[in-house]
Each structure stands twice: as structure tokens, then as C-alpha cells.
């Protein structure tokens with residue numbers, strides 16, 4: 001129904017957002033650019049069912065507050081992941097249920113794709129229940145930091161920007177979270193390298 | 001392997017490819033865009049049009065218990081209204097469904113004729129990107145060209161014409177608390193955003209609009225099939241409106257939805273509408289006939305449609 005907008009692929013996110021003030025269609029280009037990435041992130045945390053709507057909610061919210069976007073920031077990922085993190089928090093029960101299920105599911109059973117399973121099984125199989133248990137037990141703020149780094153591939157500065165906290169706080173939350181994850185993996189983890 | 005990498009592995013193991021239906025979320029964005037306000041005065045005149053043509057006024061008159069003005073036979077003329085459903089929230093509207101509403105002189109039985117939008121149009125419209133078809137953009141919301149083409153095709157005089165923006169349709173359906181649609185089988189059409197199981201459903205405005213516009217996953221995917229669904233929706237809306245307008249809040253919402261969603265021609269003056277409304281007292285929308293202009297593929301270009309002249313003539317003769 002809506003034709004793809006004529007937006008150069010090289011335009012920065014900030015350019016798109018600036019243009020969207022006059023031409024809302026430019027914002028759709030931002031959707032095309034990042035919706036799949038956000039979908040994957042949310043689907044990992046909450047499962048595929050709520051992910052679709054939540055991505056839509058994220059872009060609607062972002063569109064509504066695009067006037068407040070700092071146009072000096074060329075990359076909009078931290079901004080979008082910040083919004084998505086707030087929306088994920090509203091689904092904390094879904095998220096807890098997901099980790100509980102992962103904790104109980106035998107390794108490999110969550111895969112639809114056998115090739116996927118083979119690749120991941122090597123290391124993840126034995127430790128998945130423990131990882132899931134650790135994620136479930138983490139306080140939300142620590143988990144947000146840990147997963148923005150591990151699953152959204154944001155660096156410390158970007159994570160800080162997404163959550164609106166100082167980089168030092170990112171560092172301390174991440175350290176705390178990783179300590180707990182390592183503790184959960186314990187000494188029986190066969191893949192763990194001793195420092 | 002360290003804990004972060006193990007976590008990354010877990011993430012990859014949990015990964016799902018974004019489904020094709022994700023684009024539906026993109027269209028939510030399109031709907032969120034600010035709507036341009038349409039001009040005021042003519043909109044008021046349009047208020048009674050869809051309602052008069054369908055349900056509101058006769059029901060209102062009955063409800064208020066006032067004796068309607070009686071009309072001696074012969075003092076009321078037949079009236080033909082051209083209604084154009086359009087994508088019209090920004091800039092130029094695009095005609096998407098084109099309907100001729102015939103109110104006979106005795107006003108007893110309304111006939112609604114849908115004109116398939118891919119029918120070849122006889123006249124070119126300057127400034128319109130119609131590709132020679134009845135549909136296409138309507139520059140500056142001017143309906144002169146669509147009207148001229150409909151008249152040339154049907155040889156039916158068009159007395160009045162109005163655009164109904166789809167946004168208005170959504171609001172009308174919501175105002176009556178939803179309408180019932182029947183789906184022969186489950187449908188999941190990302191293009192229109194429609195996702196419903198088979199069977200009867202009470203749907204709100206947006207899914208109702210998707211139902212009316214969907215080309216995929218329903219019926220045979222043709223425009224004619226779509227026209228049938230649009231008529232089913234009109235009938236369902238008329239039925240729901242008739243049942244619900246005894247509630248003053250519903251009535252107010254419905255009138256508001258109609259006024260905000262329509263733009264009509266200047267000849268639809270309040271005086272004329274009042275007269276029209278009064279004359280519709282005897283009209284029962286439940287008896288309305290819904291017809292589709294008979295068409296055949298164009299022998300010169302099978303991708304286009306032309307009127308099936310014999311059968312079309314038989315139908316349109318009843319509207320003159």
C-alpha cells in the first residue's frame with residue numbers, strides 16, 4: 001500500500017529523523033532499517049508472539065517523540081533500544097516465564113531449524129538452563145544492561161545513552177550481572193576457561 | 001569461552017527471523033501521522049449524506065415520533081448520489097471505491113451500484129494519474145472528472161457527489177461498536193493488515209477497513225471480489241447503525257464520524273439535505289439492493305475492464 005520512500009540509503013538516522021519533521025514518510029525508512037533488529041532482540045527476550053506488536057509500539061512511541069531526538073547523534077539505535085527496553089519492562093511476567101521455560105526445556109528443543117541447533121549445541125546445550133536461570137534471577141536494571149551489550153551489540157557508551165545512565169553505572173551493573181552469571185555457570189561448566 | 005559469549009550463543013539459538021507480517025507494524029506508523037484538516041463548510045453539508053442515503057434520518061424521524069411531511073407522488077424526484085471512497089488523509093485523494101446510490105422517486109427502495117475501479121474511463125482527467133481507469137488520484141479533491149466519467153459510462157445523471165475518506169469509515173464503524181463480517185476461511189494478509197480466523201467476526205473500524213480493502217487471502221483476489229466485500233460492509237454498517245442509533249451517544253459519534261470523513265459538492269445545501277432526509281422517511285435500508293456494474297475484460301487489453309454493454313444498459317436504465 002505504501003510505496004517505499006525515496007530515501008538514499010546513505011542518509012544517517014539523524015538525517016531521516018530531521019526529514020521526518022516535514023515528511024513523515026522518512027520515518028518509515030527508519031522502520032525499514034531497524035525493525036528487524038529490534039524484532040530479533042525482543043523475540044529473544046519475550047518470545048516471538050509479543051515481539052511484533054512491541055516493535056510497532058516502539059516505532060509509534062519514537063515517532064511521537066521524534067521532535068526531542070538529539071540530531072547530533074547520527075546513530076538512532078541507542079535511542080530505539082532505550083524505548084524498546086522500557087516497553088519490554090511492561091512484559092516482565094512474559095520474560096520471567098520465558099526464562100523459566102528455557103530453564104526446563106531440554107537443550108535443542110527450542111530450535112525450529114536443525115542447522116541452527118547444531119551450531120549452537122556445541123557450547124550452549126549444557127549451559128542453557130543455567131544461563132536462563134541466571135537471567136531470570138537478575139534484577140531488571142542489571143539484566144537490561146547485560147542484554148543490551150550481549151544481545152543488542154551496543155557498546156558501553158551506547159548502552160549508557162539508551163538507558164540514560166552514566167557509563168560508569170553501565171560498567172558496574174554489567175560487572176555485577178556477569179559475576180552472577182558466572183556464579184550460576186559454576187565450576188562444573190565444562191567450557192569455562194579459567195582466568 | 002566466557003560468559004558473554006555463552007550468552008551471545010544463547011541469543012543466537014533463540015533467534016527468530018522477523019516474520020513478513022512485521023510490515024503491518026509499519027502501516028501503524030502511517031496511520032499515526034497527523035491528518036490534514038479538511039475545509040469546514042461543505043463538510044457540514046455532507047453530514048447527512050451517507051446517513052440520509054442509508055439509515056439515520058428515517059430512523060430518527062420515526063424515533064422522534066414526529067409526523068413526517070407527506071409527499072404527494074410526483075413532487076419528489078429521483079436522486080442519484082455518487083459516493084467515492086478514497087485514501088484521503090494527505091494531499092490528493094485516490095479514488096478507491098466508486099458507488100452510485102439511487103434514490104427512486106417513491107424513495108421506497110435504495111439501489112447501490114458499485115463501479116469496479118479498474119473500468120476503463122472514457123475521459124482523461126488533467127492532472128490525475130488514472131492510467132485511463134476510473135480509479136486514480138483526484139487532484140485537489142476535485143470530483144468533476146470522476147463525475148464526468150461516471151456519467152459518460154453509465155448515462156445516468158449524477159445529482160450529487162461526495163468523497164468519503166477511509167478514515168471516516170473507520171470512525172463510523174467504531175461509532176456503532178463494530179460490524180459483523182463473515183469470512184469463508186482464515187485470512188492473514190500483511191498488505192492490508194487483516195488477520196482473522198474463518199467464520200463470523202464482530203470487527204472494529206480498522207479490521208473492517210482492511211476487510212473491505214484486502215486483495216489477498218480473501219475470495220479470488222480480484223477487484224470484483226473486493227467490491228462485494230465493500231458492499232457487505234456497507235450493508236453491515238447500515239444494519240448496525242440502524243440498531244444502535246437509538247443510543248444518543250452512538251448517534252452523536254456516528255454523525256461526527258460522517259461529518260469529519262466526508263467532503264461533498266456545493267449543491268448539497270442544508271435545505272436540500274433536509275428535503276432529502278424528509279423524503280427518505282419511507283425508505284427501509286434493509287431492502288436496499290446492492291449491485292455491481294457488469295464488466296468484461298477489455299478485448300484489446302485483458303488487464304483492463306470494460307462495461308458489459310448489454311447488461312450494464314439494463315441495470316443503468318433503472319437508475320435514469
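Structure above, values below:
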{"quantity": "Simple label model, 7 Å out from Cα along Cβ direction - residue B:201 to residue B:77, nm", "calculated": "4.4"}
{"quantity": "Sorted by Cβ neighbour density within 10 Å, fewest at the top, the residues B:159, B:9, B:2", "calculated": "B:2, B:159, B:9"}
{"quantity": "Spin-label pair residue A:90/residue A:15, simplified geometry with 7 Å Cα→Cβ offset, distance in nm", "calculated": "3.3"}
{"quantity": "Proxy reagent accessibility, fewest Cβ within 10 Å first, across B:163, B:292", "calculated": "B:292, B:163"}
{"quantity": "Estimated FRET transfer efficiency (residue A:153, residue A:97; beta-carbon r; R0 30 Å; 0.05)", "calculated": "0.75"}
{"quantity": "Spin-label model distance (nm) - residue A:165 vs residue B:291, 7 Å beyond Cα toward Cβ", "calculated": "7.1"}
{"quantity": "Förster radius 22 Å - calculated FRET efficiency between residue B:157 and residue B:301 (Cβ-Cβ, nearest 0.05)", "calculated": "0.15"}
{"quantity": "Förster radius 45 Å - calculated FRET efficiency between residue B:249 and residue B:20 (Cβ-Cβ, nearest 0.05)", "calculated": "0.65"}
{"quantity": "Least to most buried among A:12, B:114 (fewest other Cβ within 10 Å first)", "calculated": "A:12, B:114"}
{"quantity": "Fraction in percent of alpha-carbon pairs per bin - 10 Å, the stretch A:11-90", "calculated": "19, 54, 24, 3"}
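Bear in mind these aren't lab numbers, they're just calculated from the coordinates by the rules spelled out. What you see is a predicted model; the values in this text were computed from it and never measured. Methodologically, a virtual Cβ is constructed for each residue, glycine included, from the backbone with ideal geometry; neighbour enumeration extends over all protein chains shown.
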